[in-house]
Structures are given as structure tokens and as C-alpha cells.
Amino acid sequence: MRKFEFTIAGNRYNVDIKDFEDSVATISVNGTTYEVEVHQEVKKSKTPKLVRKPVERKPGEGAVPQKSTGAGSVKAPLPGNVFKIGVAVGDSVKKGDVLMVMEAMKMENNVLAEKDGVIKSIKVGLGDAVLQNDILIEFE
């Protein structure tokens, strides 16, 4: 509730705004309750609204070709620290196996094998900081 004091034609009025909904306000003037309609220009937002047109695509259009990671290497998907290594040199892995866990942005992220193979070398150690696209593991 908001309280105001108005002076109109030399007379003093104590006005309490009790409720305001749309353009109708419930007010109390010197103890008498009234419902009044407020006439004012509706302010328009200066912030423009973005209207996006739907994008129509043909099948296959806009697809990004995936580059091969070479004869067999796993690269860091994002910058972070090596939290856990779940494989060793000489281990056989299948597509989808968890090779290691990286900690990035206070979250643990699993690094998965992209294809079947045998671990040739591990290029990082526990706690190492890596950048995106650094080689973590090489396959034979």
C-alpha cells in the first residue's frame, strides 16, 4: 500500500492506494474507498523484439563434415584437467568405452573411445592440464 498527500484547490487529501490492477485502482481518500480508472499512455518498450524466420533446409544441407582424428588418436574435447585414467598401454578398447575422466568447469567429463583399437600410448598423466584438441591417447 502506498500513501500520498495531495492538495487540490487548497484542500489537503490523504490518499492510500490499496490495489492497482490493469487501469483500475482501489484508493482510500480521507478514509472513503473509491475505485478509479487511471487514464495514462501505455509506455512501449524501447527494446526491439527479435522475430526469427523459420529456416527451411533440404536434406543434408548444412551438415558439417566430421574430420577423422587420424590413424587413431583421442583428442581433448575441452580444456580441463585429467582426473582419472581408466586404460593402460596395450589394452584393447571398443567404441564407447570410457578411456579417461577429465575435470572441466567443476564437472567430470568422460572421454570415450571413438572406435575399436589397442592403446599405443598415453600422452597425459593424472592431474595434467590440457587444452582443447590436445592429443590424449594414441591407438595402434
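Residues considered: Val42, Val55, Val51, Val64. Of these, the only one that is hydrophobic (A, V, I, L, M, F, W, C), modelled with pLDDT under 85, loosely packed, with under 10 Cβ neighbours inside 10 Å and more than 33 Å from the chain's Cα centre (by Cα) is Val42.
Could you grab me the full set of residues in region 69-117 that are touching a residue at least 60 places away in the same chain (Cβ under 8 Å), of a type outside the set (Val, Ile, Thr) and out of contact with any Lys or Arg (no Cβ under 8 Å at 6 or more places or on another chain)? Result: Ala71, Ser73, Lys75, Ala76.
The values are calculated or read from the model by the stated rules, or taken from the named source; none is laboratory data. Just so it is clear, the structure is predicted and the values come from calculations on it, not from any experiment. Because the Cβ atoms are built from the backbone with ideal geometry, glycine has one as well, and the counts that use them run over all protein chains shown.
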